[in-house]
Each structure stands twice: as C-alpha cells, then as structure tokens.
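The values are calculated or read from the model by the stated rules, or taken from the named source; none is laboratory data. Everything quoted here is computed from the prediction, not taken from an experiment. Note that each Cβ is placed from the backbone with ideal geometry, even for glycine, and that neighbours are counted across all protein chains shown.
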Amino acid sequence: MALLITGSLWAEKKTDVVMKFSRQGDLMRIVFEAEDTFMKDTKSATTPFQIKVEFPGPFLLPVENNLPFEVIVTDRAAVINLKEKNEVKYFTLSSPARLVFDIQKKGAQTEKQPEKPGEKSLQKQTEKQPPTIIPKVFVIDAGHGGYDFGITFGNTSEKEISLRLAKELNAALSKKGKKVFLIRQADQYLSLSERIHFVNQKNADIVISLHASASGNFVLYSPKLEEQASNEPVDLYGVSSKQRQYTAKSRALSESIEKAIKNQFKMNIQRRELPIPLLDAAGAPAVFIEYPSPQLLTYDQQTKTRLINALLIGLAAYGQ
Amino acid sequence: MNSKKASGIVLITLLFIGGIAGGYFYFSTLFPKEKAPEETVRAAGEQFFLRVYYPVDNQIQIEERRSPRRSGLMAVAEATMEEYLKGPSGGKTTSLPKNARLLGVYKGADRILYIDLSGEFRRNFQGDAFAEFLLLKSLYESLISNVEDIQDVKVLIDGKEAETLGGHLYLLYPLKDIVTYGY
C-alpha cells in the first residue's frame, strides 16, 4: 500500500524545465534548462521546420506568449514548429545542464530555394487576389487547447489544427497591416470566460472563432437575431447587450464568409444559430467557424492556404 | 297477513335498494369520476415504460425503454438516467460519451433536478457544437418527459459545477434556456 502511494506520488512529480529564447539578427537561440540528472537523458531531434525534445519523465514547461514559433507540449516532449525553413544546430552544455538550439534562417539572402511546384502555384494564388479588408483589429480564437483536445482524429486533434489555422490567418492578416490578437498562441487551456474577457478587452472590429466540425461540412454559427431586447434581469443564454448591437453585422459577416468558402471549396455550407457564449458576449461582429472534419478533408498546406484565402475574401466582401 | 306484511317489507327493501342503485348510476354519469392526469410513466405489471431521447446522427431520436417498477420521483429520474446513459439501441452513432456514470440525483427547492455525472461524461465527449447541443437537449428532454414536478435540469460533473461540457456551450446554468434556443 505504502509502495502504491509512494509510486503514485512519484508518478505525479514533474521536473521544472525552463525555456529561454533570444534573437540576434537572423539567428534565434532557444535554450532548455533543467536539473543535471533530468537533462542527461533528454533526447532531441531536428528538421529544418521542427525541433523535438524528448524528456525522460513528466515535466513542467511554462511557455511565454508572443514567441515567433509554435510550442506544443505533450506529456514527455516539447515540439517547436518553426515558421520557415531553417538551419538548426544544437549543443549540450553543462553547469547548468542545458540544450541549446541555434536557428538560422536557411539561405535568407544568398540562397534561393527551389520551390516545389505546388508551393509556387499556391503563393501565386494568394498573391493574385489581394482583397482589401476594411476592419483593422481582429481577435482570432483557436478553439480548445491544453487538456481540452476537442475532437481527436487519429494522431491529431482539433486543438492543434485550430491553432495552426489561427496562426496562418494571423500571418495573412498581419501581412495586410491588420492588428491581430490570438486568444491562445500555444497549447494551453483557457476557459470560456477567459476567452470572452480577452475578446472584450481588445476592442476588436471582428472576432473569429475556429473549431472543427464532426461532419464533412463547413458550419457557420452566428448569434441569434433578437427582435426585442430581453427584459429578464438575468438572461443566461440571451445575446448580451454588447453583441446585440452587432448581431446583424455578425450575420452579414457570416454570409460573406459563407459565399467565399462556397466559391473556394464548392461545398454546401451549413448555417446555424446556437447560444455560443463567445459569440453572444462579443462586443464586435463575430463568427464561429467549424471547418470540415480532418477525417474527411486533409489539412495539408494547399487546403490551409485555400481556407485562409477564402476567409480573406470573405472578410474583404464583408461591409463592402 | 304475516306473509303479506313480509312481502311488503321485501318490496320496500327492493325499491329502496333499486333507488340507491339508480341514484348512484344517475349521479356517477352526471359527475364522472375525475380522471388522474395522464401519467408519463405507464405501468405494466412489475415494469414501467420510459421515453428516452438520444442524440443520433445530428438529430434526436426517442426510444421507449422498459424498466423495473420504481416508486418516487428520484427513483424514476435515476431509472431515466440509467437508460439514457446506456445509449440508443442497435449500435446507432451517437455523441453520448462512453463510460459515463450517474453519481447522484437531487431535487432543489426551486424544482431544479440536479444530475451529478462522472467525469467521463465530459472527458469522453467527442463532438462539435451542435453535437454538444443535442447531447444536452436529449438529456433534458428525457428527464422532463419522465419525471414529474420538475421545472429544469442542471448537470454537475463529479459533484461540481462545470463551465462547459465540450468547450462550445455553457454548462454552468440550468438547461431549459439553452435547449429551447431556437430549436
């Protein structure tokens, strides 16, 4: 019995790992630091787009916001997804024990990388239609996160795909000079009330929430149009006074995005109304988008680009 | 004389009895016995029937389930939940979370029925926003249609309030308002 208790206590103990990040010109440095015995058995693997660090046991790794790369933390590993192709070198150092990754943009100025045929056409695709988007400030919500995986699909999950799409949309909008706030930038759990609080802090012009559908269709949700304001002192599932003034605009936003997705994917789009707290409480035009199940649509780079493109076109059409 | 007297008494007695019977028949047809309100749970010997709602393929399906007779509202609520958690018959596709258990049923003074479910109900839920909506709606409809004298239903997870079940809708409040939202 004592052994069992000791065993379970030991099993829950997590080792603190610190991740440090610095940048100098084109060189980024990421350092993982922890106690010697723990780092001794830590393994790492790198590719031009990814760094994977496997730890010998459970660990606790606080991740800063606003990092120029994605950090995914699982039980025994930390994965860093880099935005661009890089040259990654790593060193194991001691006192204190640490793993150092030096990341240099590959051929940033000198080498021109041959493009894959698909990549070239995709780039052209995004460049040939530069829609003008009027709204300036966006809040993007990547659904779920942390212990809330959302729907899981084999070895991937809704929380991961939503975050990747949110980051790509962020990059595309930022390129157009828009101010974008991501509700979450890493694999972390945020409650609905924390998300709502974030949305209403940022004075956004548009709020977009990204989730997966369990079906093969795109589903767009908008807040319910209420003809009359509720007089109930506590209207638990009603549209809040903040959203009420934007409900028609939310619907218009949803319609614009629906048309753009329909054109891009040649699929039927379902429109629904549900008491989704983030939509009902947002003080801005808001849309909740469910993309088709990854079991029925592969989210490779081409699909992601098409989806981001459709969203940009929908956002440009909105309010024109 | 005596026989005449006796037959007179018999006649009067028969008339008296006939009068009472006639009166009873007349008044019973004039004021029919007040019928008991139609019971949602129909008795059948030692068993009763429950109407249980399930989320199946993006809609709600009703099934009639037979359960051993129980008395009392809480027992009926428990029976309903037991049948609900078993899921729909015939291996239909449902978003009902697997291995969820009923931990308790309580009725508040406000006529809200509190359903305490094990963590599996939240952990094992795999679905989108509409699936979450249908799951809550089917749970609510199952209880409201079988358990008398309740006004609303609130779900607890492991004895505590939970903010959400699947990350799309609130679970913090009683379900009536959410499940009647436009559907």
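To keep it simple, each residue is scored yes or no on (1) more than 17 Å from the chain's Cα centre (by Cα); (2) in a loop (DSSP other than H, G, I, E, B); (3) more than 14 Å from chain B (Cβ to nearest Cβ).
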| position | (1), (2), (3) |
| --- | --- |
| A:E258 | yes, no, yes |
| A:Q270 | yes, no, no |
| A:L274 | yes, yes, no |
| A:D280 | yes, no, no |
| A:L296 | yes, yes, no |
| A:Q302 | yes, no, yes |
| A:L312 | no, no, yes |
| A:L315 | yes, no, yes |
| A:Q320 | yes, yes, yes |
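Kindly provide the set of residues from region B:140-183 that are in contact (Cβ under 8 Å) with a residue 40 or more places away in the chain, more than 14 Å from every other protein chain (Cβ to nearest Cβ) and in a helix (DSSP H, G or I), ordered by number.
Once the filter is applied, which keeps residues that are in contact (Cβ under 8 Å) with a residue 40 or more places away in the chain, more than 14 Å from every other protein chain (Cβ to nearest Cβ) and in a helix (DSSP H, G or I), region B:140-183 yields B:E141, B:S142, B:L143, B:S145, B:N146.
Which of the numbered conditions does A:Y221 fail, given that it passes all the others? Conditions: (1) away from chain B (no Cβ under 14 Å); (2) of a type in the set (F, W, Y); (3) under 18 Å from B:L169 (Cα atoms); (4) in contact with a strand residue (DSSP E or B) (Cβ under 6 Å, 6 or more places away or on another chain).
Just one mismatch for A:Y221, condition (1).
I'd like to know if region A:193-212 contains one or more residues that are modelled with pLDDT of 95 or more, surrounded by fewer than 17 Cβ atoms within 10 Å (Cβ to Cβ) and under 12 Å from the mean Cα position of the chain (by Cα).
no
One line per residue, one yes/no per condition, for (1) small (G, A, S); (2) within 22 Å of B:S67 (Cα to Cα); (3) crowded, with 16+ Cβ neighbours inside 10 Å; (4) touching a residue at least 12 places away in the same chain (Cβ under 8 Å):
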residue	(1), (2), (3), (4)
B:Y84	no, yes, yes, yes
B:G87	yes, yes, yes, yes
B:R101	no, yes, no, yes
B:D110	no, no, no, yes
B:Y114	no, yes, yes, yes
B:L117	no, yes, yes, yes
B:E120	no, no, yes, yes
B:N124	no, no, no, yes
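Can you report the number of residues in region A:133-167 which are assigned to a loop (DSSP other than H, G, I, E, B), more than 10 Å from chain B (Cβ to nearest Cβ) and out of contact with any strand residue (DSSP E or B) (no Cβ under 7 Å at 6 or more places or on another chain)? Walk me through it before giving the result.
Of the residues in region A:133-167, the ones assigned to a loop (DSSP other than H, G, I, E, B) are A:133-136, A:143-144, A:146-147, A:149-151, A:154-155.
With more than 10 Å from chain B (Cβ to nearest Cβ) added as a condition, the list becomes A:133-136, A:146, A:154-155.
Keeping just the survivors that are out of contact with any strand residue (DSSP E or B) (no Cβ under 7 Å at 6 or more places or on another chain) gives A:133-134, A:146, A:154-155.
The number of residues fulfilling the criteria is 5.
Applying the selection to region A:146-170, what residues are touching a helix residue (DSSP H, G or I) at 6+ places or on another chain (Cβ under 6 Å) and closer than 16 Å to A:I208 by Cα?
Our first condition is that a residue be touching a helix residue (DSSP H, G or I) at 6+ places or on another chain (Cβ under 6 Å); within region A:146-170, this holds for A:149-151, A:168-169.
A:E168, A:L169, listed by residue number.
Return the only residue of A:N170, A:N200 being more than 13 Å from every other protein chain (Cβ to nearest Cβ), assigned to a helix (DSSP H, G or I) and farther than 24 Å from A:T74 by Cβ.
On the way: A:N170 fails: farther than 24 Å from A:T74 by Cβ.
Every option except A:N200 fails the conditions.
What is the number of the single condition among (1) buried (at least 22 other Cβ atoms within 10 Å of the Cβ); (2) at the interface with chain A (Cβ under 9 Å from one of its Cβ atoms); (3) in contact with a strand residue (DSSP E or B) (Cβ under 6 Å, 6 or more places away or on another chain) that B:F133 does not meet?
With respect to (1) buried (at least 22 other Cβ atoms within 10 Å of the Cβ); (2) at the interface with chain A (Cβ under 9 Å from one of its Cβ atoms); (3) in contact with a strand residue (DSSP E or B) (Cβ under 6 Å, 6 or more places away or on another chain), B:F133 is out only on (3).
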